[in-house]
1. For residue 295 and residue 310 in the same chain, what is the full-extension length gain: residue separation times 0.36 nm, less their Cα-Cα distance, in nm?
2. Can you report the principal axis dimensions of region 5-118 using only the alpha carbons, biggest first, rounded to whole angstrom?
3. Stokes-Einstein D for region 37-85 at 10 °C, 1.306 mPa s, Kirkwood Rh over Cα pairs, in µm²/s?
4. If I take R0 = 30 Å and measure r between the Cβ atoms of residue 144 and residue 25 in this structure, what FRET efficiency does the formula 1/(1 + (r/R0)^6) give, to the nearest 0.05?
5. Return the equivalent ellipsoid semi-axes of region 203-284 as a descending list in whole Å, where each equals the square root of 5 times an eigenvalue of the C-alpha gyration tensor.
6. Based on the Cβ-Cβ distance of residue 262 and residue 236, what FRET efficiency does E = 1/(1 + (r/R0)^6) give at R0 = 22 Å, to the nearest 0.05?
7. Return the ratio Rg/(2.2 N^0.38 Å) for region 177-251, where Rg is computed over Cα atoms only.
8. Provide the FRET efficiency to the nearest 0.05 for the residue 104-residue 84 pair, computing r from the beta carbons and using R0 = 22 Å.
């Protein structure tokens, strides 16, 4: 049985996926994962992507009134229903893991540290999203600790989970103090951490759980344009800047002599103080939503970057450049 299965949901992202799979196979020599691609756009991806260890399944049909997050979640659920391995990775088509031999490193780490969930959190610039817990962009799950039938990545929730119970248990004084601040800073209170997206139900169920171990990759963020004094004085739930120590870093991949991601507005992530990956984030960029534009971008912008990376990454990353 395969140790790791990767589930990728595609919506007109064939070229990004092809390059992603080639990268995965190119930097992992000892362990190659099984890859399941869910074709949510029904564009006959099986004819476009013919690579080892890869299968393409028909995706979910989008219903009238259904959000993109609902459609994405439905595709993920179809994919994970085919998973039989101990470890599962849910990966966005345009999230590229660049660490050499990362499959071996991640599986060894999760096993030795008893980790059930490991992944990339929402980048801190997306302050409307939840914090301090992985999202669905790059998400590893140990299916022996969290069975497939309990992996719910829906953007909503229908039952009370530990996070809600914890909020109810706060003291009257604490709730009163926070209530006053929320009324004063209404705009912040109504936006920070309140947006639901794919993976929200998993966050609600496990973010405060004491029964599982969780770990995250570290986003790279330079807090451009923020009023630093205001963010420093306000509590976490009203600050656009996460307060938890070492949740993010301002030292990116260029510190390791890698090609610059910042010039393209790609989101960078580190793991164990080493480059882990980057996320192009096509969907929010309206200019990258059309398939022909995606193909051109992948071939003319992404591929040269990955070629440079593979050349640099032949012997692993160097120590940070001082």
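1. 3.4 nm
2. Taking the Cα atoms of region 5-118, the three principal extents are 45, 29, 22 Å.
3. Details: Rh = 11.6 Å.
Diffusion coefficient, whole number: 137 µm²/s.
4. On the way: r = 26 Å, r/R0 = 0.86.
It comes out at approximately 0.70.
5. On the way: eigenvalues 111, 78, 34 Å².
With the √(5λ) rule applied to region 203-284, the semi-axes are 24, 20, 13 Å.
6. Values: r = 26 Å, r/R0 = 1.17.
Efficiency for this residue pair is about 0.30.
7. On the way: Rg = 14.5 Å, N = 75, 2.2 N^0.38 = 11.3 Å.
For region 177-251, the normalised Cα radius of gyration is 1.27.
8. Working: r = 20 Å, r/R0 = 0.91.
Approximately 0.65, to the nearest 0.05.
Where a number appears in this text, it was derived from the coordinates with a stated rule and is not lab data. The structure displayed is predicted, hence computed values, not measured ones. Using ideal geometry, Cβ is built from the backbone for each residue, glycine included, and neighbour counts are taken over all protein chains shown.
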